[in-house]
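Read through the structure below, which is laid out as structure tokens, and then see the notes.
The values are calculated or read from the model by the stated rules, or taken from the named source; none is laboratory data. Everything numeric here is computed off the predicted structure, so don't read it as measured data. Neighbour counts run over all protein chains shown; Cβ positions are idealised from the backbone, glycine included.
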């Protein structure tokens, strides 16, 4: 934890004790909550407000696939394109601005924000924060926290930007999560969140996983990952043939009860497609919660919220995107 970032974002609520430091970065110590006296341990440069809890599958996933989605590692620009196309933000406007990234994972978007020069506070409930630190830390404009994104009252009204992609559908109450996140914005601040989209016709992205999830979400995660690693390389060729059938391919993949996240239009090699299919099929089957939403659902969450001045909800790269501005 970089001490200057602590002083900007946590000093008002927590005292700091340092057991081990490296230059201006705290490797081990405690944050002490002033009102309650609770001690928050700092381990491996990261304050740990919680354990993995129900997000343990993501800790496993991102320790195993920590570099796969990073543009700097994979020779693609999918993360950057998704960020710009969906948020409508310009990276040049982030320089020196406080930005909260909720559910940061191993840092596919964190690296873009850090390189853009934002003051980035990146939070994840799982130990994926360790993979993020390996990818993006230590950095003087990055503060990483292991924390429940809905339990950070000390961040109320502190950020010009709040960003949360690939996360809220994996919480027990996506609406409440989204509204809580909007409370971290300053007046005039901008938030962008996305959610899986709820479909009412069969698709390979939305149907087969829900046949299996009642079982797979309760399975031992290491065992589930081994199963996915075994069958995806053997099945992906057949899945590719089905998906390439004009007009009907995506519906047919929804009628076959075998989940396979097979990205044909992303410019991946076959080896990359297999790696992404293993990672995202596990991602689909393993989380404790998976709550997709319609555009209408998400519009209703923000409708009539007095603290918001503008709300835009539309189909996006990963389902449904909501961009909002705080009064």
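Below is a table of values for the structure above.
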| read-out | value |
| --- | --- |
| Identity of the residue in region 170-197, in a loop (DSSP other than H, G, I, E, B) and either touching a strand residue (DSSP E or B) at 6+ places or on another chain (Cβ under 6 Å) or at positive phi (or both), that ends up surrounded by the most Cβ atoms within 10 Å (Cβ to Cβ) | 184 |
| Tally, over region 94-127, of residues that are part of a helix (DSSP H, G or I), closer than 21 Å to residue 155 by Cβ, without any contact (Cβ under 8 Å) to a residue 40 or more places away in the chain and over 14 Å from the mean Cα position of the chain (by Cα) | 2 |
| Residue pairs meeting the criteria (Cβ under 6 Å; at least 6 apart or on separate chains; first in the same structural domain as residue 317 (by TED's automatic domain parsing) and farther than 19 Å from residue 127 by Cα, in region 144-172; second modelled with pLDDT of 95 or more and assigned to a helix (DSSP H, G or I)) | 162/181 |
| First in region 59-77 and in contact (Cβ under 8 Å) with a residue 12 or more places away in the chain, second anywhere and buried (at least 16 other Cβ atoms within 10 Å of the Cβ) and in a loop (DSSP other than H, G, I, E, B), Cβ under 6 Å, 6 or more apart | 59/52; 59/126; 59/127; 62/105; 62/106; 66/106; 69/108; 70/108 |
| Any hit, region 240-259, residues being modelled with pLDDT of 95 or more, surrounded by 16 or more Cβ atoms within 10 Å (Cβ to Cβ) and either within 30 Å of residue 179 (Cβ to Cβ) or under 23 Å from the mean Cα position of the chain (by Cα) (or both) | yes |
